[in-house]
Every structure is written in structure tokens, then in C-alpha cells.
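Below is one structure, written out as C-alpha cells, with a few remarks after it.
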Amino acid sequence: MGESIHVPLASLLPGLAASTKENPPGSNPVTLPGRTFYIETFGCQMNEHDSEKVAGVLLRRGYRQVVSPDDAGLVFYNTCSIREKAAQKVFSRLGEFNPKNNAGRESGKVIGVLGCVAQQEGEEIFDRAPWVSLVCGSASYRKLPLLLERLESGERRVSGLETDTEEAFETELTRRNHPFRAYVTIIEGCDKACSYCVVPYTRGPERSRDSGSILGEIRELADVGYTEIQLLGQTVNSYRDPSNRHLIFSELLLAVAEIPGIRRVRFMTSHPRDMGTDIVDAIDASAALCDHVHLPVQSGSTRVLRAMQRTYTREEYLEKISLIRGVRRPISITTDFIVGFPGETERDFEETLSLLHLAQFDGAFSFQYSPRPHTAAALMSDAVPESEKLRRLQVLQERQRAIQVQRNQRLLGQTFEVLVEGASRRETQWTGRTSSNRVLNFTSPRKELLGEYVQVRVTGAGPNSLTGEQCIEYVPREAADGS
Ligand code: 5AD
Ligand code: SF4
């Protein structure tokens, strides 16, 4: 039989493990014998959060979560297809259950493929891996309870692949993985049409969630002890409230920041075109809005940006950077790059490097272009050779690393508030994040710090993280003596 539900830190903190009013602490649904599930997630935070919702649906139906596929009756893979490598991963996982290669492991398990690969490949997954019983795309999750019912009543193969996008995927229960930070979807799908990107196909058109429902969920999260909220959407800042309150994104941010108990609000991912002054002003005005913006640029060449259908030029992007850097509060900026897009010349790449230098990003994710099915770019000629893509990636990553070292060095001696998220084996070592989303590993003599906000002075700086020591408040002797 399986292990306990995978909530390592939350289980230390009463009330934080599963967190809606339908599931107050101590009232987990009845577990039916043998009804166990395992879920592994690939890809972005949207997928992570979808898995939390899928786990909630299963818990509601009386399943119990286990930490190993070996112990599970139901094995789900929530998949990512943003790049080919990510998509391939799931087929190697599925291969582990191939009864042909695996005589000893003819399992009787129900194997399910969820998410973007499911949406992209559809029922062809059944042909490639006939031992799979469920295929459900990210745009069809509202069907999941129904599909489960059909499986439970003995059907061998079920699928949900319609782009069933009338409403967002809301569940009665979300089984949250993180004890302090809660993800909240505010907008699903994507209406941009970047020529390299499979997301509009796999996640369907953009639909924003009612602001009343968003704020209600966050109030409940605050009530059970969450202090950090991360608002999610593929283009989170394109949010438009469908309710008659008609909040725009910056108004929603401020409304979330005002909810009692919420100390930090993050959001991911912003599209440069919809990054307005109002959003930057809101961050500047409200301390609870974290001083970090993730603003993918993809390329520094206007010519490539046009081919990518990104709807902004190099200059327009740099204006957004100036806007963000122009306010009083230092806001950290991170980005994404794609190198080796079809037709990208050495000169285009030089422009990307020059933008990297001008923008001085605090962090960057960079990827080699990977052609995806159902995208406009997949039909473009003039592919860049793989070896050249790799070379460009390495040059870009090296330059960005040097920038990060330099920028982090400037933080030496400064003090930041850190939300403590983890402890290392050594008793005095802790780790957490600053509001700007930097990882800060620090020492403290205290023994109980998880979930707390503490002040940490930076004493060391690497490219990807900082080190420091907790500032222990100085208590004057007289005050300590009570005199
Ligand atoms: N090839 C390479 N990278 C891609 N991304 C999206 N689609 C592709 C693709 N086809 C990258 C973009 C995006 C990030 C999430 O993944 O940089 O911002
Ligand atoms: Fe993909 Fe572009 Fe939409 Fe982002 S904005 S999800 S890159 S299509």
C-alpha cells in the first residue's frame, strides 16, 4: 500500500494541507480501499496548478494520493508540449508500463495522460501506448469527473479532447502542494498567436475568470493561513473581468493585495504588449505586490519578433523596461528567450545580445527553438542548424550569467524580507525568497522558521542565489531585563 499524501511541509502545519472550506482540517473524504492515485507533472506552473485541481477532484471521489506509481491504482501524467523534448518525456514514462517490455509489471493499473500532450496528440496516444486508458486535454478538465465515472464503471478507454472552454476549470477542492504559496488561475488559454507556440492550440482561447470568484478563493486561502498568492495565466496581464465589476488587471492586483492576511502577490506570465503604466504604478504603490515582473521578450531583433508575431518591436519592449525601471521601487525583471528561430541570422542574434545588455535582466530562461505541430512557424523554411542553435544558446546564457553575478553583487550588505520556505539538513540553514523572487539561503540560530517572514542581510552573491544571515532584532539590555 502507498504512503501518505504528498504534502511534506503542509503536514507540519495544521490547516494548510488541503485548503477549502469544503475540506476543513480533519475532514478528509472517506477513502475507498484500493482507490489510490499518483500524479506526475511536467511543464509550467499552470500545469502544476492543474494537477493540484485534478488531485482535488480525485480526493473528492474518495481516492488517496500516493508518492510512487508502484503503489497507485491510477497513474496520471500531466504533460507539457511546449518543446519537443518535454513532449517526448511522457512517452518514455508511458514506456515503463508497456506490458511487452515489462512482463513482471503487468500492472492492472489505469494509466492516464492529461494536459498539453493529450490535447495535441489526442487519441493517437491510444495507438502509441495501447495500455493507456484515459486521455484528457487541458481544455477539457471540467469533464474529468465524468470520465472517471466511466472508467470506474468498467470502460476501457475514455477521452476528453474538446476545447470545452465556456468556463474556467473550477473544482470543489484543490489539493495544494505548497504550504505557503497558493496558485490561483485568473485567466485560461491564450488569444495571442505567437507563431512558434502550441499553447493557443492546447489550451484554447483566452477566458478570464470572474473577479468575485477569484477574490473569494483568495479570501478562503488567507483564512486557512496562506500569505503568498501567485496569480496565473499564460498572459496574466491581459485579464479582463467578465463580471459587471469590469476590473482591469491592475485593479484586480490592488484588490488582492488588500485582502487581510495576504502579504505577497505575484503574477505570471505577462505579455509585453499588455504591460501598462497602471500595472507598474500599482506595484510601486502597494508593498504587498511583489517587486518582480516576468516579461518574456523572446528576441531582440524586430525582424524576428515580427516573424514570431509578438506584436511589439525591440524599441517598444525596451520602453517597457524603462517604464518598470523608472519607478521608485526597484522591480526585478526576468525574461524568456528563444534562439535559432527560423531565419534568425547572426545579425539578429547580435541584436538579442545587445538587448540583453541594455535590459540588464535579473534572470532569464532561454531555449533553442523547437518546431511544434499546429504552429505557423513549423511551416517556415530556413531552419537554423541545431549546432548553431546550441552555440547561440551557450553564448546568451554565459552573458546573462555574468550580468546576474554583477547585479547580485550589488545587493551585498542589503537587508531583505524573506519568506522562509525550506530548511536544509544543517539545523541552522534556511532558504526562502525575497519579494523580487531571488533565492536567499541564510543562517539563523532559530529552530522554527518555516512559513515566517524574516529580515536577512546579504553576505554572499552568486549568479542564481544569494546567501546571508538573519538579522536578529537587537533587544536593549534594559528592555530585556524588564527594567
Ligand atoms: N520552442 C522553444 N521555446 C519555446 N517557448 C514556447 N514555445 C517554444 C518553442 N516552440 C518558450 C518561450 C516561452 C516559454 C514558456 O517557452 O520562451 O516564453
Ligand atoms: Fe504562447 Fe505567445 Fe500565448 Fe505566450 S503569448 S502562451 S508564447 S501564444
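The values are calculated or read from the model by the stated rules, or taken from the named source; none is laboratory data. The structure displayed is predicted, hence computed values, not measured ones. Note: ideal-geometry Cβ built from the backbone for every residue, glycine included; neighbour counts use all protein chains shown. Accessible surface areas use protein heavy atoms only, side chains included; no ligands, DNA or RNA. Shrake-Rupley method; radii C 1.70, N 1.55, O 1.52, S 1.80 Å.
List, please: which pairs have Cβ atoms under 9 Å, are six or more places apart or on different chains, and start with a residue in the stretch 451-473 that is more than 25 Å from residue 405 (Cβ to Cβ) and end with one that is among the charged types (D, E, K, R) and open to solvent by less than 20 Å² (accessible area, probe 1.4 Å)?
453/264
Can you tell me which of 337, 361, 341 is open to solvent by less than 40 Å² (accessible area, probe 1.4 Å), within 16 Å of ligand 1 (Cβ to nearest atom), under 26 Å from residue 283 (Cα atoms) and in a loop (DSSP other than H, G, I, E, B)?
Exactly one residue qualifies, and that residue is 361.
Mind counting the residues in the stretch 209-245 that are away from ligand 2 (no atom under 16 Å from the Cβ), assigned to a loop (DSSP other than H, G, I, E, B) and at negative phi?
10
With the structure loaded, tell me whether residue 326 is within 16 Å of ligand 1 (Cβ to nearest atom) and not hydroxyl-bearing (Ser, Thr, Tyr) or whether it fails that test.
When the stated conditions are applied, residue 326 does not pass them.
Can you say whether residue 351 is more than 9 Å from ligand 1 (Cβ to nearest atom), over 30 Å from residue 409 (Cβ atoms) and buried (at least 19 other Cβ atoms within 10 Å of the Cβ), as far as the supplied structure shows?
The answer is no for residue 351.
Would you confirm, using the coordinates I've provided, whether residue 391 is of a type in the set (Lys, Arg), surrounded by 14 or more Cβ atoms within 10 Å (Cβ to Cβ) and in a helix (DSSP H, G or I)?
yes
Considering only residues that are open to solvent by less than 30 Å² (accessible area, probe 1.4 Å) and within 16 Å of ligand 1 (Cβ to nearest atom), which ones fall in the stretch 214-249?
Across the stretch 214-249, the qualifying residues are 230, 232, 233, 235, 236, 237, 238.
Of all the residues that make up the stretch 264-294, how many are within 16 Å of ligand 1 (Cβ to nearest atom), closer than 12 Å to residue 320 by Cα, open to solvent by 20 Å² or more (accessible area, probe 1.4 Å) and not acidic (Asp, Glu)?
1
Out of curiosity, is residue 289 out of contact with any strand residue (DSSP E or B) (no Cβ under 8 Å at 6 or more places or on another chain) and more than 17 Å from residue 169 (Cα to Cα)?
no
Give the residue, chosen from 159, 211, that is more than 16 Å from ligand 1 (Cβ to nearest atom), in contact with an Asp or Glu (Cβ under 6 Å, 6 or more places away or on another chain) and over 30 Å from residue 64 (Cα atoms).
211
Can you find, within the stretch 195-208, the residue that is nearest to ligand 2 (Cβ to nearest atom) among those that are in a loop (DSSP other than H, G, I, E, B) and buried (at least 22 other Cβ atoms within 10 Å of the Cβ)?
197
Among (1) in contact with a helix residue (DSSP H, G or I) (Cβ under 7 Å, 6 or more places away or on another chain); (2) within 13 Å of ligand 1 (Cβ to nearest atom), there is one condition residue 310 misses while meeting the rest; what is its number?
Of (1) in contact with a helix residue (DSSP H, G or I) (Cβ under 7 Å, 6 or more places away or on another chain); (2) within 13 Å of ligand 1 (Cβ to nearest atom), only one is false for residue 310: (1).
For residue 140, indicate whether it is of a type in the set (S, T, N, Q) and either free of Cβ contacts under 8 Å to residues at least 40 places away in the same chain or open to solvent by 80 Å² or more (accessible area, probe 1.4 Å) (or both).
Criteria met by residue 140.
State all residues of the stretch 302-334 that are open to solvent by 60 Å² or more (accessible area, probe 1.4 Å) and in contact with a Pro (Cβ under 9 Å, 6 or more places away or on another chain); if no residue qualifies, say none.
Scanning the stretch 302-334 gives 311, 316.
What number of residues in the stretch 246-255 are free of Cβ contacts under 8 Å to residues at least 12 places away in the same chain and within 16 Å of ligand 2 (Cβ to nearest atom)?
Final tally of qualifying residues: 0.
Output the residue which, of all residues in the stretch 287-303 that are assigned to a loop (DSSP other than H, G, I, E, B) and farther than 13 Å from residue 330 by Cα, is nearest to ligand 2 (Cβ to nearest atom).
Checked the stretch 287-303; the qualifying residue nearest to ligand 2 (Cβ to nearest atom) is 296.
For residue 306, work out the one condition from (1) outside any loop (DSSP other than H, G, I, E, B); (2) over 22 Å from residue 379 (Cα atoms) it doesn't fulfil.
Unmet for residue 306, out of (1) outside any loop (DSSP other than H, G, I, E, B); (2) over 22 Å from residue 379 (Cα atoms): (2).
Looking for whichever is under 30 Å from residue 111 (Cα atoms), polar (S, T, N, Q) and open to solvent by 60 Å² or more (accessible area, probe 1.4 Å) here; the options are 163, 174. Which one fits?
163
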